[in-house]
Amino acid sequence: MSQSKDFPDCFYRVSVRALIRDGEKFLMGKRRTMWETFGGGLDFGEDIQEGLKRELREEVGFKVVSIADKPCLALPHIVQKSRGMEWFYNFPIYYETVIEPDSFDPSREYSEVRWCTIDDIQSLDLYPGEEGIREGFKLLL
């Protein structure tokens, strides 16, 4: 792969993702036509837990009860042709997160939320950056 014109080859965009689960089911959100976990990019110098709370509040209206102190999964990958860039490295870090029930606000960025099993996730149309959860979430069961 050639050098990125946007970032040095060692640059990773860090994103924090909420792993919200109920036993063997995971909460997923539908944005436009694709499914993903909840979260987003960590701002430079931002505290991980505060960044995840901010993303959940902004994007979905979730009220966070708790976030694990340590991540449970990391799934680095290359993102192609996104955000106006040819490619970049993304480093999503997943934290077990508990939210208040019924705090979803459908007027924000997601049209639907759904509890999904690992089998359900295999057939969802996932955002390219979330493809790794098909196998990654199996490690958590």
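The values are calculated or read from the model by the stated rules, or taken from the named source; none is laboratory data. What you see is a predicted model; the values in this text were computed from it and never measured. Cβ placement follows ideal geometry from the backbone for every residue including glycine, while neighbour counts extend to all protein chains displayed. Areas reflect the complete protein model, heavy atoms only, side chains present, ligands, DNA and RNA absent. Shrake-Rupley method; radii C 1.70, N 1.55, O 1.52, S 1.80 Å.
Annotation note: of GLY129, GLY51, GLY136, the sole residue that is over 14 Å from VAL16 (Cβ atoms), outside any strand (DSSP E or B) and among the small types (Gly, Ala, Ser) is GLY136. Within segment 56-77, not a single residue is part of a strand (DSSP E or B), without any contact (Cβ under 8 Å) to a residue 24 or more places away in the chain and over 19 Å from ASP43 (Cα atoms).
Annotation note: of GLY136, GLY132, GLY51, the sole residue that is over 22 Å from GLU24 (Cβ atoms) and small (Gly, Ala, Ser) is GLY51.
For the residues PHE62, PHE38, the requirement of being surrounded by 20 or more Cβ atoms within 10 Å (Cβ to Cβ) and farther than 23 Å from ARG134 by Cα singles out PHE62. So, in segment 82-119, of the ones that are open to solvent by 60 Å² or more (accessible area, probe 1.4 Å) and acidic (Asp, Glu), which residue ends up modelled with the lowest pLDDT? Among those that are open to solvent by 60 Å² or more (accessible area, probe 1.4 Å) and acidic (Asp, Glu), it is GLU86. Would you be able to say whether some residue in segment 88-99 is under 15 Å from the mean Cα position of the chain (by Cα), without any contact (Cβ under 8 Å) to a residue 60 or more places away in the chain and closer than 15 Å to ARG13 by Cβ? No.
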